[in-house]
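Report on the structure given below.
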Amino acid sequence: MPLPTVEIETAPEPKHAVIWLHGLGADGHDFEPIVPELVDRSWPALRFVFPHAPVRPVTVNGGMPMRAWYDISGMEIAQKQDEAGMRASIAQLEELIAREQARDIAAENIILAGFSQGGAIAIAGGVRHATKLGGIVALSTYLPMAEKTDAEVAPANRAIPVFMGHGTVDPIVPMRLGEMSRDALQRLGYTVEWHSYPMAHQVCAEEIADLRRWLGARLR
């Protein structure tokens, strides 16, 4: 059973989809407001799918239950990674991709996007997906399970285009971690379009404009 989702269609009968994963403690409604700011009228019909992550205890927040794609054990988010939780969320992302394909959207017309924790799952799931996808948008995030990525990448997504945006003063996911993840992906042969912005752990208008241009080039 796929995760519950919020869905927005920009026009009837879309043949393109963006599956967008929220950050820790948020939900599928978090990025709803970005749609009217992001979408260009010239684009083809597009379905945005915003899933709600499962509720689970999060160690770094005192074990408080909240929506999370995986557990985080400490402030050094790339250390002691919850690999089991990450892989479970990747499997749930696979279900969402399959549902879009069942709704007559080709895999190569599906773009995976995510912010923070959601971006980590978008990258990890995107490069491992067996069928060629349209692209990955990774905002204020990092590459999880980095040391296992090369061995687990699906041949179909060895060349998937990646957009990464990060705040220069991000206190949650340090920009250095984002840069290291960008470099790791580039070493694996990925074309990463990297942008940094004078902001914290958030999204800004300049980033949305850059993302609009990047997405527009892939929505033909």
Practice task
Would you kindly state how much longer the chain becomes between A151 and R41 on full extension, computed as 0.36 nm times their sequence separation minus their alpha carbon distance, in nm to one decimal?
Solution key: 35.6 nm
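Restricting things to alpha carbons, find the Rg to Rh ratio for segment 173-220 using the Kirkwood radius for Rh.
1.01
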Completion exercise
The lysines whose Cα lies under 29 Å from the Cα of K15, excluding any fewer than 8 residues away in the same chain, are K132
Handout entry: Relative intensity, log₁₀ I(q)/I(0), of the chain from a Debye sum that treats every alpha carbon as a point, q = 0.12, 0.13, 0.14 Å⁻¹
Key = -0.57, -0.68, -0.80
Completion exercise
Note, L38: beta-carbon cut-off 12 Å, +1 each Lys/Arg, -1 each Asp/Glu, net -2
Exercise for the section: Any chance you could give the angle, 0 to 90 degrees and rounded to 10, that helix 117-128 forms with the longest Cα principal axis of the chain? Expected result: 70 degrees
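Roughly to the nearest percent, how much of the accessible area of segment 111-220 is carbon and sulfur, given a 1.4 Å probe?
Working: 2270 of 4090 Å².
That fraction is 56 percent.
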Fill in the blank from the handout: So, for the Cα atoms of segment 1-76, Rg and Dmax in Å stand at 15.2, 47
Problem - Rg/Rg_globular for segment 100-168, with Rg_globular taken as 2.2 N^0.38 Å and Rg from C-alpha atoms - result: 1.08
Practice task
State, in angstrom, two size descriptors of segment 119-220 derived from its alpha carbons: Rg to one decimal place and Dmax to the nearest whole number.
Solution key: 13.1, 37
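Counting only heavy atoms of protein chains, what accessible area per residue, in Å², does the chain have with a probe of 1.4 Å? Mind showing how you got there, number by number?
Values: 9440 Å² over 220 residues.
Per-residue value: 43 Å².
Report the extension gain between A200 and E9 in nm, rounded to one decimal, defined as 0.36 nm multiplied by the number of residues separating them, less their alpha carbon distance.
On the way: separation 191, 0.36 × 191 = 68.76 nm, distance 3.00 nm.
Additional length available on full extension: 65.8 nm.
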Fill in the blank from the handout: What the 5 Å binned alpha carbon P(r) of segment 69-132 shows, as percent of pairs per bin from 0, is 4, 17, 27, 23, 14, 8, 5, 2, 0
Problem - Rounded to 10°, Cα long-axis angle of helix 83-102 versus longest principal axis of the chain - result: 10 degrees
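The values are calculated or read from the model by the stated rules, or taken from the named source; none is laboratory data. Since the structure is predicted, the reported quantities are computational estimates derived from the model, not experimental observations. Note that we place each Cβ from the backbone using ideal geometry, even for glycine, and neighbour counts take in every protein chain shown. Ligands, DNA and RNA are excluded from the accessible area calculation, which covers all protein heavy atoms including side chains. Shrake-Rupley method; radii C 1.70, N 1.55, O 1.52, S 1.80 Å.
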